[in-house]
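Taken together, the values in this text are just the output of simple stated rules run on the coordinates, not laboratory data. These numbers were taken from a predicted model, which means no experiment stands behind them. Here the Cβ is made from the backbone with ideal geometry for all residues, glycine too, and neighbour counts use every protein chain on show.
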């Protein structure tokens, strides 16, 4: 089959907030109708806080606790949305709920992260079946695609790496759907290993999924639909004086994403930069507004200072028991455990006698790290910390942003200042 020219293909991504209830799904339909003349790949996340609920179900199941009330909450939530949209729960939704029920009833066999991916992937599968069924009911021609057929990954569960060669060879799957329907509904966040195990691309990985499809198709652009008017210089939950960034470069976006800017996934930008595909961030509440665009030009970078906050951080300080220097063989041992546990370090600092690292405060991973190293090292740790990054800020802005906190660590490389903060 001859491959299609996708220069006019547009990739849309709708996050959990944009499909959190029946009214939100209707709003998605309104936006899709506004673009009915375009060829669309529509990437959809799990509905509302479904991923959080599935994480709780997984954690309880893995540790032999009762998860049934959470599962009941999950099924009721999706059935209610489906019933409100369609008059009754969709049959394919029921099939997936049954499939998940049976999976949960099976004995735990894999690691914590492997079992996590087999369960949490259902959030996206459930949401896309509901949206797809609703589009069908509204006479919208669309195809449903299991993203795992295209996005093959390694078996690094919860942070899987994409097999780009396999993905490129699967482009014909997209072509077949788009030739007949001109719109594809698919899932964000999920992929699969070569032996069919589900994987996930990291939290908020649906943005990355949209970039993968755009890269494969060499699409015209990607639009991420959010509950904010565009890309802001800070999360409104942290600061009230936010300013919209109308246009920034791929380079600056990568920096912001690396430090934890929540509006974009850290891996999203690079595939788009490689193909020169612009990324738009628009509001699903005001879909005709201009929004923000991330593209190649750097002329507006640094004009507005940006604040990035990461809550629930842990500071772990590791020292040798005999007060000898922390040297390369110690660091090799520590990093081997970080790699084994899939812990991503956000900040680190080395002194003569200790090595300090900062990472997300997942209780299971913290406990596992402490257990692995406690016989060899002396370890201290602090929890419930905030990692704040300020790009292009002056001394006055740094003082204002940190005045209500104790500063545990501070680093100031070039145009960036980073502070590990503890509430007073």
>> With both bridge residues required to lie in region 221-354, what share of the DSSP beta bridges run antiparallel, to the nearest 5%?
In response: 40 percent
> So which residue, out of 188, 87, 393, gets the largest mean-square fluctuation from a GNM of the chain using Cα contacts under 10 Å as springs?
Replying inline: 87
> Which of 12, 71 comes first, and how do the rest follow, when ranked by fewest Cβ neighbours within 10 Å?
Replying inline: 71, 12
>> I need the fraction of alpha carbon pairs in region 306-423 separated by more than 23 Å, rounded to a whole percent.
In response: 34 percent
> So how far, in whole Å, is the C-alpha centre of region 351-424 from the one of region 171-250?
Replying inline: 30 Å
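Tell me, in nm to one decimal, what length is gained between residue 392 and residue 173 on full extension, where the rule is 0.36 nm per residue of separation less the Cα-Cα distance? Mind showing how you got there, number by number?
Numbers: separation 219, 0.36 × 219 = 78.84 nm, distance 4.42 nm.
Difference between extended and current length: 74.4 nm.
Provide the FRET efficiency to the nearest 0.05 for the residue 323-residue 161 pair, computing r from the beta carbons and using R0 = 45 Å. Don't skip to the answer; put the middle values down first.
Values: r = 39 Å, r/R0 = 0.88.
That pair, residue 323 with residue 161, gives E of 0.70.
Please state the relative contact order of the chain as a whole percent: Cα pairs under 8 Å, 6+ residues apart?
Numbers: 812 pairs, mean separation 55.9, N = 424.
The value is 13 percent.
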> To the nearest 10 degrees, how steep is helix 50-62 against the longest Cα principal axis of the chain, on a 0 to 90 scale?
Replying inline: 60 degrees
> Taking only Cα atoms, what is the 0 to 90° angle, nearest 10, from helix 171-181's long axis to the longest principal axis of the chain?
Replying inline: 40 degrees
>> Taking every DSSP beta bridge with both residues inside the chain, roughly what % is antiparallel (nearest 5)?
In response: 60 percent
> Which distance in nm do the two modelled labels at residue 137 and residue 21 give, with both placed 7 Å along the Cα-to-Cβ direction?
Replying inline: 1.7 nm
>> Tell me the relative contact order for region 306-423 as a rounded percent, counting alpha carbon contacts under 8 Å between residues six or more apart.
In response: 33 percent
>> Can you tell me the orientation of helix 68-86 relative to the chain, as the angle in degrees between its alpha-carbon axis and the longest Cα principal axis, to the nearest 10?
In response: 40 degrees
>> At 0.36 nm per residue, and after removing the present C-alpha to C-alpha distance, how many nm does the segment from residue 345 to residue 237 gain when stretched out fully?
In response: 36.5 nm
>> Suppose only helical runs count, i.e. DSSP H with n ≥ 4. What mean residue ellipticity at 222 nm does that imply for the chain under -39500 (n - 2.57) per run, divided by all residues and rounded to the nearest 500 deg cm²/dmol?
In response: -12000 deg cm²/dmol
> What order do you get for 145-156, 172-183 when each peptide is scored by the mean count of other beta carbon atoms within 10 Å, highest first?
Replying inline: 145-156, 172-183
>> So if each residue of separation counts as 0.36 nm, and I subtract the Cα-Cα distance between residue 290 and residue 411, what length gain in nm does that give?
In response: 40.0 nm
>> Between region 51-94 and region 103-150, how far is it from one alpha carbon centroid to the other, in angstrom?
In response: 12 Å
> Taking N as the number of residues in region 9-226, what is its alpha-carbon radius of gyration divided by 2.2 N^0.38 Å?
Replying inline: 0.97
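For region 9-226, calculate the relative contact order in percent as a whole number, restricting contacts to Cα pairs under 8 Å that are 6 or more residues apart. Numbers along the way, then the final one.
On the way: 390 pairs, mean separation 62.0, N = 218.
Worked out over region 9-226, it gives 28 percent.
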